[in-house]
1. Please report the orientation-averaged projected area of chain A, defined via the convex hull of its C-alpha atoms, in nm².
2. Magnitude of the Cβ-charge dipole of the stretch B:226-312, K/R +1 and D/E -1, about the Cα centre, nearest 20 debye?
3. Just the number, please: percent antiparallel of the DSSP beta bridges in the stretch A:123-270, rounded to the nearest 5.
4. Please give the net charge around residue A:273, taking every other residue with its beta carbon less than 11 angstrom from that of residue A:273, where Lys and Arg add +1 and Asp and Glu add -1.
5. Charges at C-beta only: +1 for Lys and Arg, -1 for Asp and Glu. How large is the resulting dipole of the stretch B:157-310 about its Cα centre, in Debye rounded to 20?
6. Which one of B:207, B:242, B:217 is farthest out on the positive end of the charge dipole of the stretch B:123-260, using unit charges on Cβ (Lys, Arg +1; Asp, Glu -1) and the Cα centre as origin?
7. At a 10 Å Cβ-Cβ cut-off, how would you order B:84, B:277, B:308, A:160, fewest neighbours first?
8. Hey, in the GNM for chain A with a 10 angstrom Cα cutoff, which one of A:55, A:81, A:149 fluctuates hardest?
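Read the figures in this text as sums done on the coordinates, not as results from a lab. Nothing here was measured: the structure is a model prediction, and the numbers come from that model. As a convention, Cβ positions derive from the backbone with ideal geometry for all residues, glycine included, and neighbour counts pool all protein chains shown.
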Protein chains: 2
Amino acid sequence: MKIGLDIMGGDFAPNATVLGAIAAFKALDSHQKLVLIGDKDQALPIMKEQNFNPDHFEFVHTTQTISMGEHPTKAITQKPDSSISVGFKLLKEKKIDSFSSAGNTGAMLVGAMFSVKTVPGVIRPAISTVVPKLKKGYGIMLDVGANADCKPDTLLQFGILGSLFAESILGIHKPKVGLMNIGEEEEKGNLLMLATHPMMKDTNMFNFIGNIEGRDLFNEKADVIVCDGFTGNVMLKLAETFYVLTQQKGFQDEFFARFNYEQYGGSPILGINAPVIIGHGISNPEAIKNMILLSRSMITTKLIDKIISAFK
Amino acid sequence: MKIGLDIMGGDFAPNATVLGAIAAFKALDSHQKLVLIGDKDQALPIMKEQNFNPDHFEFVHTTQTISMGEHPTKAITQKPDSSISVGFKLLKEKKIDSFSSAGNTGAMLVGAMFSVKTVPGVIRPAISTVVPKLKKGYGIMLDVGANADCKPDTLLQFGILGSLFAESILGIHKPKVGLMNIGEEEEKGNLLMLATHPMMKDTNMFNFIGNIEGRDLFNEKADVIVCDGFTGNVMLKLAETFYVLTQQKGFQDEFFARFNYEQYGGSPILGINAPVIIGHGISNPEAIKNMILLSRSMITTKLIDKIISAFK
């Protein structure tokens, strides 16, 4: 198994990424190899400082970096030797089994769709995010930003993708899928949700429990929260505010602690032909480590094969 | 001035409503008269218990009540002697200057639109909500549920309505209007926001400051937050969760305290020809009192006249 990591991605790269890789190494089995993609000359001194033997990793040296503000498509095409471009090239050629980066989100999405491509049958891939549940454990919300405008059949597919993720990665049996809406009743919602609800009700592809509301994000009603990418993105950013606020104000709590993005490491892109995870821009070593371990879970559980089968 | 209040609306009516009216009475001038609409026979004993002279109020006795779960349009037409139906009749006949209720939201919206009607030129009225700002004071967000699907020109009008409210009621000079979106850049967003942004940029009806994101709800970027009713409703319910959570967990904080719906009393419907406020279903006496005082502000500041002028 080869787990690819962009060591140039994120606000604190390459320091945070290399330190995260070192932390992850200790949790990996000997046959689970980390492949660091980026400027080796910058990575080596960081390892040396940690007295860490670089031979534990494989390196793919790159000379270019895509920064956070760059236009995704332009950057990917104009910087073929950037860590993101090279990462996706390796992933496409199956030289690595997964690829993750805390770098430019748009470039990650474009790179994924143009290299490993969308799973046949999937209309649009989704960016998912793990959400902490009040009682215990986590759920998954998707889409949180890849698709600002969605159609009912796209949302239906998000239900399938999210359900498979919740089952494989979060270990939830028959995950409850809820449709984010503005009322519990079937006849509530905007045109998109009104059209989506009956399709979800009719499907046998997942366990649909009906509409949920903004107040249900953290409770036990649904394990998989399906929404369009506009709503999901707004919700995610609003929820993050609260985490930041409770931290700023010094509120210590087990639930708010689980809010911490560092715990789950990143946002998997679901519906593409390989495990790809986008990390938070501000990822620290802990977040990078968990992103690597999440990549491993996506490989070992054969999530992608399950998704491909579901859409056959 | 006659301030109309539905004393049958809300989960704790008529107790909470009558107690709220008594509390508000003490803050009102002698020419500011409260008109209680509902079952007088239920109201009198509550006042008696408080040693409160019922003659301080005017009463309009009604015999029917619209409950929370009823279908709005059906309820309004089939219960002509309900407190909500009678309240809107009085408002239409100008026998009261404002009407507020913590009862059935849908019935309040339908009642408003069919009695006092939409201001000429306004495409769709909006339900607004006051949001606490981190530094100090409040902003306003609209729409939070009246319009699940919006068009760009509707959102543009929400900017005008919200701006007038922020100026008149919140006392903010040249309120900053932000468009809730998934990125700061003009080219970010769903089709609706992409079409709305340039219209807002071109308008001279308010002070447009550009796109804002989910994380900006409570900061100082915008005083008026414009969104479609679907997004606004989801955000509002999510934000309420956090207030409830911090309360449950015993986190004491000035900011979270200002989150309390009791402080601002209710959600004004903007874009109709009279001051109408929908209170939270769980309104307690404090919330009812503040809803009454907010009604008074909407009357004394002549907010409705300003709105009518703006759309002429």
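1. Details: hull surface 62.4 nm².
Mean shadow area of the hull around the Cα atoms is 15.6 nm².
2. Working: 8 positive and 7 negative charges, 60 e Å.
The dipole of the stretch B:226-312 has a size of about 280 debye.
3. Numbers: 7 of 18 bridges.
About 40 percent, rounded to the nearest 5.
4. Working: positive: A:92, A:94, A:117; negative: A:305.
Around residue A:273, the surrounding residues sum to +2.
5. 420
6. Ranked along the dipole, the leading option is B:242.
7. Details: B:84 30, B:277 25, B:308 15, A:160 22.
Lowest count first: B:308, A:160, B:277, B:84.
8. Checking each option, the largest mean-square fluctuation is seen for A:55.
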